[in-house]
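Beneath this line is the structure, given in structure tokens, with notes to follow.
The values are calculated or read from the model by the stated rules, or taken from the named source; none is laboratory data. Bear in mind that the values here come from a model prediction, so they are computed numbers and not experimental data. Cβ atoms come from the backbone with ideal geometry, glycine included; neighbour counts cover every protein chain shown. Please note that ligands, DNA and RNA were not included when accessible areas were found on the heavy atoms of the full protein model with its side chains. Shrake-Rupley method; radii C 1.70, N 1.55, O 1.52, S 1.80 Å.
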Amino acid sequence: MKKVVMGNHAVSYGVRASEVKVISAYPVTPQTHIVELLSELVANGEIDAKFIKVESEHSAMAACVGASAAGSRTFTATSSQGLLLMTEMLHWAVGARLPIVLTNVNRAIGPPWSIWTDQNDSLSMRDVGWIQIYCESNQETQDAIPQAFKIAEEINLPVMLVLDAFFLSHTYEIVDLLETEQVRDFLPPYNPEIKLDTNDPHSFGNLSGPDYYMELRYMIEEAMNDARGVIKRVGKEFGEHFGRYYDMVVPYRCDDADLILVTSGTVASTTRAVIDEMRDEGIKIGALKIRVLRPFPFKEVSDILCSTKKVAVLDRNISFGNHGVFFQEVKSALYGKTDIPIIGYILGLGGRDVTPKVIREVADKAIKDKNPEPYINWIGVKR
Amino acid sequence: MSKQIKFDSYREMPIRSMTLDNMLWNKTGSWRNVKPVYDNKVSPCILGCPAGENIQHYIQLVIDKKYKEAWETIIESNPMPAVTGRVCSHPCMGKCTRGDYDEAVNINAIERTLGDMGIDNPGWMRESEKTKKQKVAVIGSGPAGLSAAFYLARAGYSVTLYETEKALGGVLRWGIPEYRLPNCVLDGVIESILNSGPISVKTETVVGKEIKLKELEDNFDAIFIGIGLMESRKLGISNEDCEGVESGLEYLKRVNSGDNLDSSKKTVVIGGGNTAMDVARSALRKGSDVTVVYRRTQAEMPAIASEIEEAEKEGVNFRFLAAPKEIVAEGGKLSKVLFQEMELGEPDESGRRRPVPLEGKTFTMEVGRLFTAIGERADLDGFGPEVDTEWDLIKVNGEFGETNKKNIFAGGDIVTGAASVVEAVAAGRKAAEKIIRVFIGEADPPKQEETEFGIENINVDYFTKSNRTLNPRISVEEAKKGFEEILTGFDEQLLQKEVDRCFSCGVCNYCDNCWVYCPDTAIVRKDDRYEIDYDYCKGCLVCVEECPRSALSIEEEGK
Ligand SMILES: Cc1cc2nc3c(=O)[nH]c(=O)nc-3n(C[C@H](O)[C@H](O)[C@H](O)COP(=O)(O)OP(=O)(O)OC[C@H]3O[C@@H](n4cnc5c(N)ncnc54)[C@H](O)[C@@H]3O)c2cc1C
Ligand code: SF4
Ligand code: SF4
Ligand code: SF4
């Protein structure tokens, strides 16, 4: 059934279709609609789940950890400061290998206080061990939910789905809503082998001396590695079920491009419009959207980018002291594989609009720019 | 020692850290999946001593200057530390963990020092238990017989000790020379043993001849046979009975009883054991030029290594890979010996390489005096048909010396063949304990568990390297002059210096380390032990890691 819904509600419907058993969350702008609708759906019986009210995001994730360890399919949503407050528990979910799914609405971090989008909140959790998938449309924010559970439950790692504040969260689009019965075929019920059980109590997350800590860490990295294949396969299976296919990266008109713009999130759609416009002018340009940041799609990214002459990375985030995060990642993927210039651009922080005009400016500049001068290219900063 | 969980590969591990077993027992919730437990082990030196002396324990007592208690601890398993402390080949030290770090603790010297303290303090010997009605006959007063008599008498059983010779002690008396074991020390030891309980002595009595074994059987509740090996083995070549050829044992006996012998210039001793060394060194002291001829090489010599070393230092010559083939006598008197040269062949059942004659290779030596020391054998006359024998030895079943006859026990060289003082002591004690158990109807104790303990169980960061403290001694020059004892025991300062080197392997010595290190103050110090409050212990095992001596073990939870 198709319906016009806001991005946040698309998330809620994705959760409904995935037969989640426990939801625990704390409201935070601009995510609040997600859990608001979920609480209604639980209250009116459309979702057969337990909704645990808590006093903070730290407790929300702690509750999710407990519920997931007890063997329940568990969901939460948060944003920005809320995600940061969860940090300790985010690490816990990874170490305990719990397949929790979290939707984070990208919102800039204060101070200065802000409610508008940029990616610094989720990117500051880059190294925790959560799988991170950046969504581009309302449809995708919904479709990503059952895929995320399927991936998470297969490799025993949590998944963070990320969407832009307001540009997706509060914007209405047509979404083909998933039905629970259809999803059931795609996503089997969650029945973990090991779980908290009062009849057979074990101690979890207990102490491990130097002799085994490293092995447990090694296994997490192995799971991350396995996730590459699983994410691709699940994206394909989803397509076979629902006609919408998903992959680690999305290239656009890259085949003969001399310059490729690398983007993520909603900036990707805007960029494609600019590519079409420039192609009409005869400029050989393409775009590459990075959908999955963790595990980083090294092969896909380098396969596509090695065939072009120049790469421009558009970062809606800043890793103070070392450029934008996607820029770092792309550079590391191409290290030793090509000599082409890779130039990074920082734009759109704190919700500043990234319009087609802004992207055109970046593209024009990138055609002229030589690596590595200047080191950081700030787009639109009043200087 | 409980087993620690071991994973060889991450593949064997669960993906999350979790207890492998159920935690139902734990009411408080916990991180803990393993727990530390105080678990003293048996130190390797103790397993190394044939008599099983509790070495680790008496060393700790010496550290606390509890010398009497230390001596009493030894006496529990060996009534003659002053003897073994002088003549034992100390296999304990071969097992000492410290040997894999720097040098083994000088256990032998510590034992000797304590043994001498015991002789100087006759009051240390506790009174025997009240006299029981059973009587035991002990035949032979070597270390085996003395040990059996001691443990029986101490427990209150009347012992009658039969001995062929005038004086007690067996090989200790008439075999081992005074420069190794002075008679006054042996006298002190024997006196303390005889004072330990109801023992009556019948010397110059040959059991089997003057008194039949049967007679003893009728008059005693049990009999212990410790008659040792009395006869020298013969070379089995011509002219062996001519003047100038003598068994080494006979010679030692005469030396030990103070016979002043003429010393011929050229003496040859045949053999490579302790007897050969004692004969050679005694003859040397009497002024002879001595050569030991042995049919294998030095590596195969059964004598205690330090004895060979001392003999060499004193000037005893060695001729290896040769055996006497023919004795040439002139007018009934020894004049020359023809020797066959040998080489080493395949290993025999003892694991040593067998000597094989080198075809056609012989040499002759002018010899004034020839001593045979190629081994001793038993004189089983009067014992033979009564008790089962095998290979000219008494046959026993198991470790307590039980013969085919219910009330007859045997131990020492007569059972094992030529062995050692400490093995004879151990055999005497074990038989005595068994006899007592039979009297009171008690079951045998369970076998001691052999735990593996090595330098890897010692946290060596806590110890600094040091050399073994050696016994003070007189110079080789001085030693050669006569029969004065060569080695001396420790004074208190040296004693304390040496005991301080002991790791106290596997046994808590209250160093407080675990108590200091526990990050959760979960260890409680009691007067004589530590306790772990498991409601607070989070199983980090810092205590186990930091115990210098592995006195703590790890137990898996929930098992
Ligand atoms: C010269 C020599 C040097 C040695 N040096 C060492 C050494 O340095 N360290 C070491 O550990 N070991 C040494 N040994 C070995 C050790 O002495 C013996 O293993 C040990 O003495 C055996 O003790 P035992 O009690 O079995 O026998 P013995 O010491 O032989 O005592 C047996 C006793 O029984 C008596 N006896 C025999 N028959 C009868 C009878 N029918 N009636 C009554 N009494 C009888 C004998 O007269 C003797 O007194 C040496 C042995 C010899 C011969
Ligand atoms: S009797 Fe021998 S083996 Fe036993 S402690 Fe003494 S020296 Fe060591
Ligand atoms: S270090 Fe001490 S306890 Fe350990 S084996 Fe040596 S003597 Fe025995
Ligand atoms: S650390 Fe010290 S006190 Fe603790 S068990 Fe080991 S020896 Fe005993």
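Could you estimate the translational diffusion coefficient of the protein assembly as shown from the Stokes-Einstein equation, with Rh from the Kirkwood formula over C-alpha pairs, at 37 °C and 0.692 mPa s, in whole µm²/s? Provide the component values of the computation, followed by the final result.
Values: Rh = 35.8 Å.
Rounded to a whole number, D works out at 92 µm²/s.
Between residue B:200 and residue B:440, the C-beta separation translates, for a Förster distance of 35 Å, into a calculated FRET efficiency of about 0.95. Chains A and B together bury some 2100 Å² of accessible area, summed over both sides, with a 1.4 Å probe. Summarising the label geometry, the points placed 7 Å from Cα in the beta-carbon direction at residue A:365 and residue B:184 lie 10.5 nm from one another.
Please report the antiparallel percentage of DSSP beta bridges with both residues in region A:249-378, rounded to the nearest 5. Given both bridge residues lie in region A:249-378, the antiparallel proportion sits at roughly 20 percent.
Ignoring ligands, DNA and RNA, how do A:248, B:365 rank by accessible area with a 1.4 Å probe, largest first?
Working: A:248 0, B:365 30 Å².
Most to least solvent-accessible, the answer reads B:365, A:248.
Peptides B:95-105, B:161-171 ranked from most to least packed by the mean count of surrounding Cβ atoms within 10 Å: B:161-171, B:95-105. Among A:19, A:193, A:215, determine the one that fluctuates most according to a GNM of chain A built with springs between C-alpha atoms less than 10 Å apart. In this elastic network of chain A, the residue with the biggest mean-square fluctuation among A:19, A:193, A:215 is A:193.
Classify region A:249-378 from the C-alpha gyration tensor, please: rounded if a/c falls under 1.5, else prolate or oblate depending on whether a/b exceeds b/c. Rounded, since a/c falls under 1.5. Summed over qualifying helices (DSSP H, 4 residues or more, each -39500 (n - 2.57)) and divided by its residue number, chain B shows a 222 nm mean residue ellipticity of -8000 deg cm²/dmol. Excluding ligands, DNA and RNA, the accessible surface per residue across chain B is 46 Å² with a 1.4 Å probe.
Express the accessible area of region A:2-242 per residue in Å², computed with a 1.4 Å probe while the remaining protein chains stay in the model. The partial results should precede the final answer.
Values: 9170 Å² over 241 residues.
On a per-residue basis, region A:2-242 sits at 38 Å².
The tail of the calculated P(r) for chain B beyond 38 Å holds 41 percent of all Cα-Cα pairs. Per-residue mean of foreign Cβ neighbours for B:8-17 is 6 (Cβ atoms of other chains, 10 Å radius). For residue A:65, the shell of other residues with beta-carbons less than 13 Å away shows a net charge of +1, using +1 for Lys and Arg and -1 for Asp and Glu.
Shielding of A:195-206 by partners, i.e. mean partner chain Cβ atoms within 10 Å per residue?
Working: counts 0, 0, 1, 1, 2, 4, 8, 12, 15, 8, 4, 13.
What the average comes to for A:195-206 is 6.
For region A:20-79, run through the GluC sites (Glu not before Pro) and keep only the ones in DSSP coil with at most 16 other Cβ atoms within 10 Å of their Cβ. Intermediate values should be presented prior to the final figure.
Numbers: sites: A:36, A:40, A:46, A:55, A:57; in loops: A:46, A:55.
Filter output for region A:20-79: A:46, A:55.
For the protein assembly as shown, the residue among B:454, A:170, B:425 whose Cα projects farthest onto the positive side of the dipole built from Cβ charges is A:170. Take every DSSP beta bridge whose two residues both sit in the protein assembly as shown; close to 40 percent of them are antiparallel. In region A:58-150, the ratio of gyration radius to Kirkwood radius, Rg to Rh, stands at 0.96 when only Cα atoms are counted. The chymotrypsin sites (Phe, Trp or Tyr not before Pro) of region A:342-383 that meet both conditions, a loop assignment by DSSP and at most 10 other Cβ atoms within 10 Å of the site Cβ, are A:375. In percent, rounded to a whole number, the relative contact order of chain A is 16, using alpha-carbon pairs under 8 Å and six or more apart. One chain, two ends: residue B:388 and residue B:65. Fully extended at 0.36 nm per residue, the span grows by 111.4 nm beyond their Cα-Cα distance.
Less than 14 Å Cβ to Cβ from residue B:95, Lys/Arg counted +1 and Asp/Glu -1: what total charge do the surrounding residues give? Please report the intermediate quantities before stating the final value.
Working: positive: B:41, B:98; negative: B:53, B:100, B:103, B:450, B:452.
The answer is -3.
For peptide A:216-225, how many partner chain Cβ atoms fall within 10 Å of a residue's Cβ, on average? Present the calculation step by step, with values, prior to reporting the outcome.
Working: counts 6, 1, 2, 6, 2, 0, 2, 1, 0, 0.
Average per residue, whole number: 2.
If R0 is 56 Å, the Cβ-Cβ spacing of residue A:247 and residue B:460 corresponds to a FRET efficiency of close to 0.45. Positive contributions from Lys and Arg (+1) and negative ones from Asp and Glu (-1), summed over other residues with Cβ under 9 Å from the Cβ of residue B:38, come out at -1.
If both residues of a DSSP beta bridge must be in region A:2-242, then about 20% of such bridges are antiparallel.
For region A:2-242, what is the per residue volume of the convex hull drawn over the alpha-carbon atoms, in cubic angstrom? Don't jump to the answer; show the numbers that get you there.
Numbers: hull volume 29.9 nm³, N = 241.
Considering the Cα atoms of region A:2-242, their hull volume per residue is 124 Å³.
Mean sequence separation of contacting Cα pairs (under 8 Å, at least six apart), scaled by the length of chain B, corresponds to a relative contact order of 22 percent. In region B:375-419, Rg over Rh equals 0.93, where Rg is the alpha-carbon radius of gyration and Rh the Kirkwood radius from pairwise Cα distances.
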